[in-house]
Amino acid sequence: MGGSALTEAPPGGARSPSGDLGRLAFGFLAVSALSGLALVPFFSPAHALESLERLHDGMPWGFFLRALHAYSSFGLLVTTVAHLVQVLARRTERQLSAGAWWRSVLLFPLTFLALLSGFVLRGDAAAAEALPVWSRIAETVPFLGPELQRLLLGVIPGDVGAISLHHAGTFTFLLWLITAEHGRRLVPDARSLVLAGLVSAALAGAVPLTLGPPPGASPSGAAQILLGPWYLLGLQGALVDLPVPSAWLAPLLLVLLLGFVRGADGRARRLLLVLAGAWVAAWVGFTARILLLAR
């Protein structure tokens with residue numbers, strides 16, 4: 001698909017499958033990418049926590065820049081989920097070709113991977129606990145497990161160099177490429193970019209982000225449950241009882257349910273949506289459970 005195809009409007013005055021929330025999600029992606037690019041010179045994968053602490057304490061407005069990156073990334077996730085609901089409610093998924101729809105559905109696991117990699121790059125105690133869990137999950141993928149683990153996490157245990165490369169490069173590039181195809185434009189429109197920037201900046205100024213204690217520090221005792229990022233609390237709660245492979249099987253199930261919606265009609269479409277709704281309800285339930293266990 002050429003650049004002109006990405007930037008031209010849908011024919012016949014049809015509404016873009018991107019929609020208002022889709023365009024806003026693209027704006028948040030742009031703010032996240034630009035703020036992340038500004039953070040690169042100040043971050044060292046070999047000394048992740050120390051470099052972020054220096055950014056917070058030694059650089060004017062460094063705390064604001066990191067918070068801007070984080071909140072714009074959260075905004076991307078929230079608006080992407082809201083946009084999915086918008087598309088399904090309007091039944092506009094067939095405005096995309098089957099291939100483009102499936103690639104658009106992949107935006108969800110890609111966004112979660114990008115956010116998870118950013119969380120691990122914090123280098124604090126919670127991030128250090130998340131890294132081996134991520135490694136064990138990757139190992140359980142049939143046939144590709146060890147290779148996938150090395151590809152995503154590198155070959156040196158505890159080293160986040162490969163993760164930082166994927167966070168700043170691979171995941172960002174794929175998110176931009178698929179979003180551009182989905183929205184039929186190479187860059188977000190000015191209104192969406194400004195709105196996403198203002199929302200992210202307001203949150204960054206009002207709710208500063210803090211860093212956790214260094215790895216090994218546990219002020220409340222060794223039995224304390226270190227909560228992961230808010231968007232993965234459901235997964236953390238599920239892994240209390242469910243086997244480790246469920247951490248990739250459950251997201252795969254959701255991707256398949258959403259992907260097949262485009263080709264389904266009537267009762268089949270309703271069944272797929274009910275199953276997807278049950279998946280979300282289970283996620284909320286597991287989130288509540290881990291929060292109660294951590295009290």
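The values are calculated or read from the model by the stated rules, or taken from the named source; none is laboratory data. Everything quoted here is computed from the prediction, not taken from an experiment. Note that we place each Cβ from the backbone using ideal geometry, even for glycine, and neighbour counts take in every protein chain shown.
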Task: Close pairs from region 158-176: first over 14 Å from residue 104 (Cα atoms), partner of a type outside the set (Asp, Glu) and surrounded by fewer than 18 Cβ atoms within 10 Å (Cβ to Cβ), Cβ under 6 Å, at least 6 apart - done: 160/45; 161/45; 164/45
TODO: Being without any contact (Cβ under 8 Å) to a residue 40 or more places away in the chain, in contact with a helix residue (DSSP H, G or I) (Cβ under 8 Å, 6 or more places away or on another chain) and under 12 Å from residue 109 (Cα atoms) is the filter; apply it to region 243-266 and report the residue that is surrounded by the fewest Cβ atoms within 10 Å (Cβ to Cβ).
DONE: 253
Open item on the list: Of the conditions (1) surrounded by 18 or more Cβ atoms within 10 Å (Cβ to Cβ); (2) not in a loop (DSSP other than H, G, I, E, B), residue 269 satisfies every one except a single condition; which number is it?
Closed with: (1)
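Can residue 126 be described as touching a Gly at 6+ places or on another chain (Cβ under 6 Å) and either assigned to a helix (DSSP H, G or I) or surrounded by 14 or more Cβ atoms within 10 Å (Cβ to Cβ) (or both)?
Answer is yes for this residue.
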TODO: Would you point out which residue out of 151, 110 is out of contact with any His (no Cβ under 7 Å at 6 or more places or on another chain), under 19 Å from residue 251 (Cα atoms) and part of a helix (DSSP H, G or I)?
DONE: 110
Open item on the list: Just to verify a result, which residue in region 47-62, among those that are among the hydrophobic types (A, V, I, L, M, F, W, C) and modelled with pLDDT of 90 or more, is nearest to residue 32 (Cα to Cα)?
Closed with: 52
Task: In region 92-107, residue nearest to residue 22 (Cα to Cα) [restricted to those that are of a type in the set (Gly, Ala, Ser) and out of contact with any Lys or Arg (no Cβ under 8 Å at 6 or more places or on another chain)] - done: 104
Open item on the list: Residues to consider are 96, 84, 131; find the one that is buried (at least 16 other Cβ atoms within 10 Å of the Cβ), in contact (Cβ under 8 Å) with a residue 60 or more places away in the chain, closer than 30 Å to residue 239 by Cβ and hydrophobic (A, V, I, L, M, F, W, C).
Closed with: 84
- [ ] Look at residue 88 and say whether it is at pLDDT below 95 and under 18 Å from residue 23 (Cα atoms).
- [x] yes
Task: Selection within region 154-194 - over 20 Å from the mean Cα position of the chain (by Cα) and assigned to a helix (DSSP H, G or I) - done: 190, 191, 194
